[in-house]
Each structure stands twice: as C-alpha cells, then as structure tokens.
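**Q** The structure's right below; bear with me while I get my questions together.
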Amino acid sequence: MDEEEREEMELADAMSREVFDPVDKVFNMQKRRVTDLAHNAYVILPPAQPIEYESLLELRRQKQSQVFREYRVEHCDDQGRQKSNITRQQAEGLKKLKKRCDEGEIVVCSTDKSGRLCVMPMEMYQELGKVHTAKDTEVDEKFVNDTQRRLNGHVSMWIKSLDMGADWKHHDRLRETQINHSKCVAPFYLLVKDHKSGPLSTRPVCGAVNGMDVHLSNILSPIIETVADEMKEKDEVISTDDALSRVHSFNEKQSRATHCRDLLDPEEAPGDTAEFVFSDVLDEILGEDWESEPAVREAEYSTDEEEFTKEEQEVDELHEARERQTEEIIVAGSDIISLFPSITVEQAEKLVYEAMLETDISFEGVNYEEIAIYIALNYSSPSQIPANLRSIIPVRTKARGQRPGITSAAALSGKPTMSSGQWRFPRSQFTTEEKRMLLARAVAIGVKAVFRNHLYQFAGKTYRQSNGAPIGVRLSCAVARLIMNTWDRKLKTILAENKVKFETVFRYLDDWRGIMRALAAGWRWDNDKLRFRSAWREEDSMISPVERTCRELKKIMNTIFSNLQVEMEHAEMFEDKTLPTLDFRLFVQDNLVLFSFFQKPVANKCLIHKLSALGENSKIASHTQNLIRRMKCTSELLPMESRVIVINDFCRQLISSG
C-alpha cells in the first residue's frame, strides 16, 4: 500500500466517524465511536499492520528514544530532573507560596483578560464567590445522588434513542463510558477582572468537564451545534478572518460603485454607447432602479402639516416616502449584557424546539419509539404532554401503581425500554412530521434537564445553579449560538419592515457589528415602529450620525428578547476614534471601513519568553505566525506607516520577552 492509498483510507475512515455529513445534510449518531469521546475509559489496540508499516513505526520509536536519551544527558541531572529556568530566589518564593496555599492562608488565581496572577486571602476569595452563589441553592449528598441517577436516566435513554455507536458495535462501551457513578461535582472558581475600574469583581468559571452533566451535554451539543451551523439568515462569524472577509467585500463594493459613478460625468447625461457599456455593471452595484427618479429628499424647512394631523397613523403616512438613511457610512456595535446568565431555561427550551422543527437536516438511525417513551417518562401525567403529541405518545399498560419516570429501572437499563412491558403505543407508525416533532421535543427536554440539574462545588459546599445557562458546559455555548442566530433573524425582519438596510453585518457570539448608512435626523424608534417627527429632527441634528443611529438601534435590539439587553459601542466612545473588535479595530475613512491590529491594554506585553521550555523551532514558528496575524489584521488600504507602528510594537514585545 503506497502513501496515497493510505491517505485515502485514512480520509474514508475519518468520514465514517463524522456524525454529520454537510454535503447530504445527514446527522447519524450510529457513527459515534467511543474512542472519539474525551471521557473514553479505555482503548483496545488495533491489529498488527503490514510488516513494512510496522518496521517504519519501530524505526520511529528508536529514533525518538535516541533523541530523548541525548536530551537527558545534555539537559538533566543524574536523577533525570530537567534544569530549572528560574533563579534560586524565585524557586524559594514559589515554594513558600505553595505552602501558604496548601495551608489555606492565601489563594493564587488568574485574572480574566490579562492572564496575570492575583493573590488574595482565602476569606476575601470566599466573599467574592458569595456574589455568584447567593442566588443558587445549597444541596446535600442525597440531592447529589438523586441528580446523578436522574441524569443517568437521560443519558441511557439518549444512547438507546440514537442507537449510538451501532456502526462500530460500541453500544455497551458507550454506556460504560457515559453512565456516571463517581458522583463527581464540577469545581467552581473565580477569575479576577483586573481590566475594569471600580470595586474588585470576578468572573465565575466552572470546570464542568468533570461534572455529572457533561455526558448529557456532549450527546445533545453536536445536534444543536449542527442545527445552529445550518440555520439560514444568520450573521455569525467564527474567526477574525471570517469577519474581515465581510469588511473586504464591503470595501470592494464601495470602491466599484464610486468608480462607476466617476466614469459617468454627473453633469452630462450618458450617451447610448456609455449607457450600454455600463448598464449591467450599474444594475449590479447600484441596483436596478438607479435610472429612476431619486426619492424625495428631506426638506430644509419644517412643515406645519403635522400640526393639523391628529392621528399618529396619518402622521406616519405623511412621512412614509421620506428617506430613512443618509449617505454617510458608520460602524455600529453592540454587546449582549451578561449573555449566559441572562438565558432562561424556558427560552432555551422554546427556541431549541422551534429550530429543530425548522431545520432541513435529516436525522438517521433514530429509534422513534424510544424517543416517544423518553418524552412520556419526563411528564408526571398524560395531561401535561403537549397537545400535538398526545395521540402518538405511548400510554401505560397498567393504570395502577406509580407512573414510571426517567429514573426507572427500564430507563436506566441497556435493554430496549419497550421490553419492560410498561408501555403500549396507540399506533405503530409515525409520519415524517410526527418524527420531527418527537425529536424536537426530546432535544428540548434534554436541554431543560441540563439547565435544571447543573451542580458545582465552591468553598466546600455544593450548589445547584438556579438561573442562566449552566457555567462551563458545552451545551450552554451551543444553545447561546442558536439563540443569537434567532436574534439575527428577528433583527433583520424588524429593520426590513421599517425600510432600514445594512451594508454588512457580522457577529461573534454576542459581539455584533453593523456597517450601514446612518439614520437620518428625525427618525426614532417609537411604539414598535420607526417614525419621523419634525421636532425630533431639530434635536437629532445636535448629535453625531453614529450616535443617533446607535441610540435607535439599541431601542430596536432591546425589543427582540426582553431578557437579552444590549449596550452599544461606536468609535466616538473611544479615545482613538476606532471601534475595538476581536483583535482588530474598525474606523470609517472616505466612506470605506478600514481596520488595524488591536490588543487590549491589559493584555500581556510579553510573548513566549526566551527561557521557556518550548523548543527553539516552536518559538520561532509561534512568533512568525503572531506577526502574520497582526499584518492580516491591518488593512492594506492603510499607509505603510501604520504597518510599521504595528511591527515596532511587536518588536518591543519580543525585546521584553528576552
């Protein structure tokens, strides 16, 4: 087998393990391998490879062993301890700090943005933590045991419902890995916000990768992430490159439009030849109605017509044809205030259910009988089951006795739940629409279970999180992405209904940026509608276009979801008149949006230190990529002096790093 054939085989193997096929839009958890899970308990070595391949592996092993022995002789003492890269005084200080931490005298924690270390007394650390735990409920060991059994019931039913690992016969190994018996509760710790002025505040962080809800989260997250990825009319970007590509596209469109307008002399009507040459280009860039008469511009004087019009609707109709936006380009930004703590379980359950119904993804390998039983197990009585599902959800075979729940023996068992004889179905077949409703409701129930059963430990006590998305859980980010994608669609709908257009929009989770033409003076969001009043125009003319536009956008955005409120950002709010966004800053110049590299003031001023234990080649590669990243975050439309400033800052950081 040659190298090309081996690569093709490895690619085919990788594709067979991907649970989602983006080409055919098929999601199938039967492809899940237990060895692809982070919590896989053990591995089974593969069978022997062909003799040529085994020989190459042995040669590689011998070479690695030789390099290791040479490094140990050169850099380690007789006991194999690597030479320290810190001084004796530093080593003594580190030893004393560790001793004080072990004795509970002090706490050494990280800062939130800068990556520095913060030292404080244990009492102070616990007081800061009480700010975050005050609204949560302290629980005892019995509650922890009940929660673990409840979550195990959900995990067990999902493994059976999705027939996880069937393609690899990993069903039993998946159950062994994902059914929790350790009663492990996620640790809770704090990051100090040293980048904010005022009283000391902290950000709560939860190491939920070790929590008892991690397995249910890891089953549901791929489903919701895939649905979020495939949602239409979203403005989400996944990286700096993705965001800057949209800025590039806007600038190119602006440049082409300006160039075409310059080619046509505005003082002379174009001849037939000129019109023929440029008509297609102008149709594409300026719109098909570029030849039509321009809309009526705002009058330079106020009118008394509003004074004689009593009804609000009549006043709105009077100004319906008025221009809502000027020709000035602005960049507006917004940020959701405390996104994750503001998400409610009711909102998450509702929007996940709706997104699952709308998606065009095909789910294969799903056992819908198990899904239907799973739904029945999560309602204490048939009357609580949603009305659209009651005719297809199974009913109990016996009316007496306690109704089986998610912690029943049949749910926790690896055997098919129907084999318990506790349920019977009104009919044996489901329609395609019914299957979609069943799966959507089941996923929503699973999300609710994670939100309602998130436990953490702080200062020797165990708490159940009462509000917001579970801290540190993968599912929280997946649900937040789905909610924000829905937020994008609702914002676009509102603006389209009010005849406001964006040139370019992008959003990184909850950090939103919009490039648009500024709202004209006099237009305000009032009673769920964009309205114009002459009196407002006089007031709005006293503030800048970007400020009045952001003021009205904030009102609009705050009407989308009442629990998700925004704070606006624009360049005029910052000293350098630029808008920080990820690792670049945006600003408008000649109606083009330019950008340059940005680093937070509290960010570490050093790079990888010279004394770092990393290999020399790794250091060089990292520094090279760092400089390339800074150059990519600096617009090519900026003068060379701007690039030189970025390079000089990088060189100063290199010097500071030794």
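Rule-based calculations on the coordinates, nothing more; no lab input. Just so it is clear, the structure is predicted and the values come from calculations on it, not from any experiment. With ideal geometry, Cβ positions are generated from the backbone for all residues, glycine too; neighbour counts draw on all protein chains shown.
**Q** Amide H of Glu503 versus every other amide H placed in the peptide plane: which residues, excluding those fewer than 5 positions away on the same chain, fall under 5 Å?
**A** Long-range HN contacts for Glu503: Ile515, Met516, Arg517.
**Q** Sorting check: for 510-523, 88-101, which peptide has the highest mean count of neighbouring beta carbons within 10 Å, and how do the rest follow?
**A** In decreasing order of mean packing, 510-523, 88-101 become 510-523, 88-101.
**Q** Quickly work out the Tyr379-to-Asp78 label distance, labels modelled 7 Å from Cα along the C-beta direction, and quote it in nm with one decimal.
**A** 7.6
**Q** Determine the sum of side-chain charges near Ala48: Lys and Arg each +1, Asp and Glu each -1, restricted to other residues whose C-beta is under 13 angstrom from that of Ala48. Display every interim value, and only then the final one.
**A** Details: positive: none; negative: Glu52, Glu54, Glu58.
Taking every Cβ under 13 Å from that of Ala48, the sum is -3.
**Q** Translational diffusion coefficient of region 514-585 at 4 °C, 1.567 mPa s, Stokes-Einstein with Kirkwood Rh over Cα pairs, in µm²/s as a whole number.
**A** Working: Rh = 13.5 Å.
My calculation gives 96 µm²/s for D.
**Q** Taking 1 over the mean of 1/r across every pair of different Cα atoms in region 177-268, what Kirkwood radius in Å do you get? Don't jump to the answer; show the numbers that get you there.
**A** Working: mean 1/r = 0.0521 Å⁻¹.
It is 19.2 Å.
**Q** Scan around Trp423 for amide H atoms under 5 Å from its own, H built in the peptide plane at 1.01 Å from N, and keep only partners 5 or more places away or cross-chain.
**A** Amide H neighbours of Trp423: Thr397.
**Q** While we're here: Kirkwood Rh and Cα-based Rg: tell me the resulting Rg over Rh for the chain, rounded to two decimals.
**A** Working: Rg = 30.6 Å, Rh = 30.2 Å.
Using only Cα positions, Rg/Rh for the chain is 1.01.
**Q** Here's another thing I want to ask about it. Kirkwood Rh, Cα Rg: Rg to Rh for region 338-385? List each step's numbers first, then the result.
**A** Details: Rg = 14.2 Å, Rh = 13.3 Å.
Computed over Cα atoms, the ratio is 1.07.
**Q** Taking θ = phi - 60°, what integer Hz values does the Karplus form 6.51 cos²θ - 1.76 cosθ + 1.60 yield along region 643-658, in sequence order, with x for Gly and Pro?
**A** 5, 4, 4, 5, 5, 5, 4, 5, 5, 5, 5, 4, 5, 5, 8, x
**Q** Right, something else. Per the helix-only calculation at 222 nm, which mean residue ellipticity applies to the chain, given -39500 (n - 2.57) for every DSSP H run of n ≥ 4 and division by its residues, nearest 500 deg cm²/dmol? Spell out each step's value before the answer.
**A** On the way: 20 runs with 291 residues, N = 658.
Helix contribution divided over all residues of the chain: -14500 deg cm²/dmol.
**Q** Run through every distinct alpha carbon pair of region 539-638 and return the Kirkwood hydrodynamic radius in angstroms, one decimal place.
**A** After inverting the pairwise mean of 1/r, the radius is 16.9 Å.
**Q** For region 406-467, report the convex hull volume of the alpha-carbon atoms normalised per residue, in Å³, without decimals. Numbers along the way, then the final one.
**A** Numbers: hull volume 8.1 nm³, N = 62.
In region 406-467, the Cα hull volume divided by residue count equals 131 Å³.
**Q** Which pairs in the list Lys234/Lys555; Lys160/Lys183; Lys99/Lys619; Lys99/Lys600; Lys253/Lys619; Lys83/Lys632 are over 28 Å apart, alpha-carbon to alpha-carbon?
**A** Table pairs above 28 Å Cα-Cα are Lys99/Lys619; Lys99/Lys600; Lys253/Lys619; Lys83/Lys632.
**Q** Check Gly468: other-chain or 5+ apart residues with amide H under 5 Å from its amide H, H built from backbone geometry?
**A** Close amide H contacts, sequence-distant or interchain: Val345.
**Q** How about region 489-587: which GluC sites (Glu not before Pro) there are in a DSSP loop, with at most 10 other Cβ atoms within 10 Å of their Cβ? Before the final figure, lay out each step's value.
**A** Details: sites: Glu497, Glu503, Glu538, Glu539, Glu547, Glu552, Glu567, Glu569, Glu572, Glu575; in loops: Glu575.
In loop regions of region 489-587 (DSSP not H, G, I, E or B), the sparsely surrounded GluC sites (Glu not before Pro) are Glu575.
**Q** Okay, moving on. Quick check: residue separation of Glu176 and Asn85 times 0.36 nm, minus the Cα distance between them. What number comes out in nm? Can you show the working numbers first?
**A** Working: separation 91, 0.36 × 91 = 32.76 nm, distance 4.34 nm.
Net length gain for the segment: 28.4 nm.
**Q** Given Lys25/Lys492; Lys98/Lys461; Lys232/Lys492; Lys130/Lys461, which pairs have Cα atoms separated by over 18 Å? Before the final figure, lay out the partial values.
**A** Working: Lys25/Lys492 26 Å; Lys98/Lys461 23 Å; Lys232/Lys492 12 Å; Lys130/Lys461 11 Å.
Beyond 18 Å between Cα atoms: Lys25/Lys492; Lys98/Lys461.
**Q** What is the distance in Å between the Cα centres of region 527-574 and region 65-118?
**A** So the separation of the two Cα centres works out to 53 Å.
**Q** Taking just the alpha carbons, could you work out the radius of gyration and Dmax for region 1-122, both in angstroms?
**A** Gyration radius and largest Cα-Cα distance of region 1-122: 24.6, 63 Å.
**Q** Using θ = phi - 60° and the Karplus relation 6.51 cos²θ - 1.76 cosθ + 1.60, list the HN-Hα couplings for region 58-71 in order, rounded to whole Hz, with x at every Gly or Pro.
**A** 5, 4, 5, 4, 5, 5, 5, 5, 5, 4, 5, 5, 5, 5
**Q** Sticking with this structure for a sec: Expressed as a whole number of Å, what is the distance separating the alpha-carbon centroids of region 181-233 and region 590-623?
**A** Each part's Cα centre sits 27 Å from the other's.
**Q** Cβ under 15 Å from Asp172's Cβ, Asp172 left aside: what net charge do those residues give with Lys, Arg +1 and Asp, Glu -1?
**A** Details: positive: Arg32, Arg33, Lys160, Lys169, Arg173, Arg175, Lys415; negative: Asp163, Asp167, Glu176.
With Lys, Arg at +1 and Asp, Glu at -1, the neighbours total +4.
**Q** Considering the convex hull of the alpha carbon atoms of region 478-605, report its projected area averaged over all viewing directions, in nm², one decimal.
**A** Numbers: hull surface 38.2 nm².
Seen from a random direction, the Cα hull of region 478-605 projects 9.6 nm² on average.
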